[in-house]
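The values are calculated or read from the model by the stated rules, or taken from the named source; none is laboratory data. From a predicted model like this one, the values you see are computed outputs, not experimental measurements. In this analysis, Cβ positions are derived from the backbone assuming ideal geometry, glycine residues included, and neighbour counts consider all displayed protein chains. Side chains included, ligands, DNA and RNA excluded: accessible areas come from the protein's heavy atoms. Shrake-Rupley method; radii C 1.70, N 1.55, O 1.52, S 1.80 Å.
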Amino acid sequence: GKHLANHFGGFIEEILKLIPFLIILYFTNIIRKPIHYLLVAACSALGFAFFENLLYISQEGLEVIHGRALMAAVAHMVSGAIVAYGFILGRYRYPGKSWLWVPLLFLIAALSHGFYDFWLLNEKVRSFYLLTFFFYLSEVLVLASFINNALNQSVEPGTPESKLVLTTGRMTSMLS
């Protein structure tokens with residue numbers, strides 16, 4: 001029950017976030033460029049975070065929404081993006097090696113999620129909440145790196161470097 005969920009929560013939650021992503025990946029043609037993997041994974045993670053936030057609010061009251069909205073939703077996006085990046089590596093950087101990259105990055109995402117939860121939710125170490133905060137900030141930097149990398153991999157080959165400046169127009173053209 002709860003004891004098992006405390007130890008394996010990161011794995012269970014990453015699997016739950018991965019299911020909608022996989023359905024979209026395998027049964028639609030929405031994911032066509034590297035950036036699409038991250039966007040779909042982020043949307044799946046935000047959907048999961050929304051329902052998890054409702055659960056926390058129903059159990060602990062509305063006062064938990066500040067931390068949940070500010071940090072937990074983004075932390076879910078980061079761990080979802082880590083898994084999605086495994087798909088990007090397996091398809092674009094190391095073609096045909098998804099069998100290696102997806103499970104490896106899934107494991108990293110689940111462990112990252114568990115690390116985040118441990119320092120935040122464990123009563124015995126809750127006084128070290130700043131460790132979770134700094135870990136969260138480093139996760140945001142990882143997400144920014146993944147987004148930058150995916151955007152650069154999403155451009156057409158031969159695009160001059162001067163055109164690789166991130167603008168609203170560029171992002172819009174990448175999404176279509």
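It is to be established whether one or more residues within segment 30-52 are in contact with a Ser or Thr (Cβ under 8 Å, 6 or more places away or on another chain), open to solvent by less than 30 Å² (accessible area, probe 1.4 Å), among the charged types (D, E, K, R) and assigned to a helix (DSSP H, G or I). Scanning segment 30-52, I find no residue that is in contact with a Ser or Thr (Cβ under 8 Å, 6 or more places away or on another chain), open to solvent by less than 30 Å² (accessible area, probe 1.4 Å), among the charged types (D, E, K, R) and assigned to a helix (DSSP H, G or I), so the answer is no.
Applying the condition of being open to solvent by 20 Å² or more (accessible area, probe 1.4 Å) and either among the hydrophobic types (A, V, I, L, M, F, W, C) or touching a helix residue (DSSP H, G or I) at 6+ places or on another chain (Cβ under 6 Å) (or both) to segment 102-116 and asking which residue is nearest to T132 (Cα to Cα) yields F115.
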